[in-house]
Amino acid sequence: MSDITPTRSVVIALKDERRTMREGYAFLDEKCLLLAGAMLAEVRRFDALREALRVLQKEALRALEAAAARHGLHGVQCYPAAGTAPLAVRTTRRSLLGVALLEARLEGVAAKAEPAANPSPEAEAARTSFARLLPKLVEMAAMIGNLERLYQEYRRTARRVRALQDVLLPEIDATLYEVETRLDELEQDEALWVRLKR
């Protein structure tokens, strides 16, 4: 039994609180749906990018095998890498229900690599094919961050929805029922008392 004094104003206040909680529950439930939809869209984009990356990785692996066949493993390891100094990662930030979502892309033109001591078309093809992986990997890194932030917000929101649904709303319903019952009993006692006084 709660310590609330049963009055009509308490009943009105509890009903207002319950209505507000139900509105909050509906909003948070809708937020969960929107976050889940955003996660699905981001996963689809991620899967498409991963498939494109797989194709590029296979090409890069074939080029690396050809370069290793020509130069040997040590020769490939000593081959000068492409320069990345003028490359920059540009990010664009947007927000979805308070969750920061980033789009990232690689901008700029890679610097010319130092000349190799023993150049070959196979090694150049390997260097070029691995350089083509870099922009896709930058995009993928941003998507992974987006998915992690969306998932964390979804979990937090779902936890709040469950707390409202399983704890707070039943608790306020029980309190409201108890106050209304006690108020009805008091009114019946008062009516009986008035009749007996006559």
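Observations on the structure shown:
- Counted residues, the range 94-121 - those being modelled with pLDDT of 85 or more, open to solvent by 50 Å² or more (accessible area, probe 1.4 Å) and more than 21 Å from A48 (Cβ to Cβ): 3
- Selection of the range 1-14 for residues being assigned to a helix (DSSP H, G or I) and either at pLDDT 90 or above or open to solvent by less than 60 Å² (accessible area, probe 1.4 Å) (or both) yields V10, V11, A13, L14.
- Cβ-Cβ under 7 Å pairs, at least 6 apart or on other chains, the range 136-150 side closer than 15 Å to L35 by Cα, far side aromatic (F, W, Y): M143/F46; L147/F46
- Within the set A131, A113, the sole residue that is touching a residue at least 24 places away in the same chain (Cβ under 8 Å) and not in a helix (DSSP H, G or I) turns out to be A113.
The rows are residues; the columns are (1) open to solvent by 60 Å² or more (accessible area, probe 1.4 Å); (2) within 33 Å of the chain's Cα centre (by Cα); (3) within 17 Å of S120 (Cα to Cα).
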{"position": "R19", "(1), (2), (3)": "yes, yes, no"}
{"position": "F27", "(1), (2), (3)": "yes, yes, no"}
{"position": "L34", "(1), (2), (3)": "yes, yes, no"}
{"position": "L53", "(1), (2), (3)": "no, yes, no"}
{"position": "K58", "(1), (2), (3)": "yes, yes, no"}
{"position": "G72", "(1), (2), (3)": "no, no, yes"}
{"position": "P80", "(1), (2), (3)": "no, no, yes"}
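- Long-range neighbours under 8 Å by Cβ, at least six apart or interchain, first residue under 27 Å from L28 (Cβ atoms) within the range 159-187, second outside any helix (DSSP H, G or I) and open to solvent by 80 Å² or more (accessible area, probe 1.4 Å): E178/M1
Here is a yes/no grid of residues against (1) modelled with pLDDT under 90; (2) part of a helix (DSSP H, G or I):
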residue	(1), (2)
L61	no, yes
R70	yes, yes
Q77	yes, yes
T92	yes, no
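The values are calculated or read from the model by the stated rules, or taken from the named source; none is laboratory data. All figures in this text were calculated on a predicted structure; none of them were measured in a lab. Cβ: placed from backbone, ideal geometry, glycine included. Neighbour counts: every protein chain shown. Areas reflect the complete protein model, heavy atoms only, side chains present, ligands, DNA and RNA absent. Shrake-Rupley method; radii C 1.70, N 1.55, O 1.52, S 1.80 Å.
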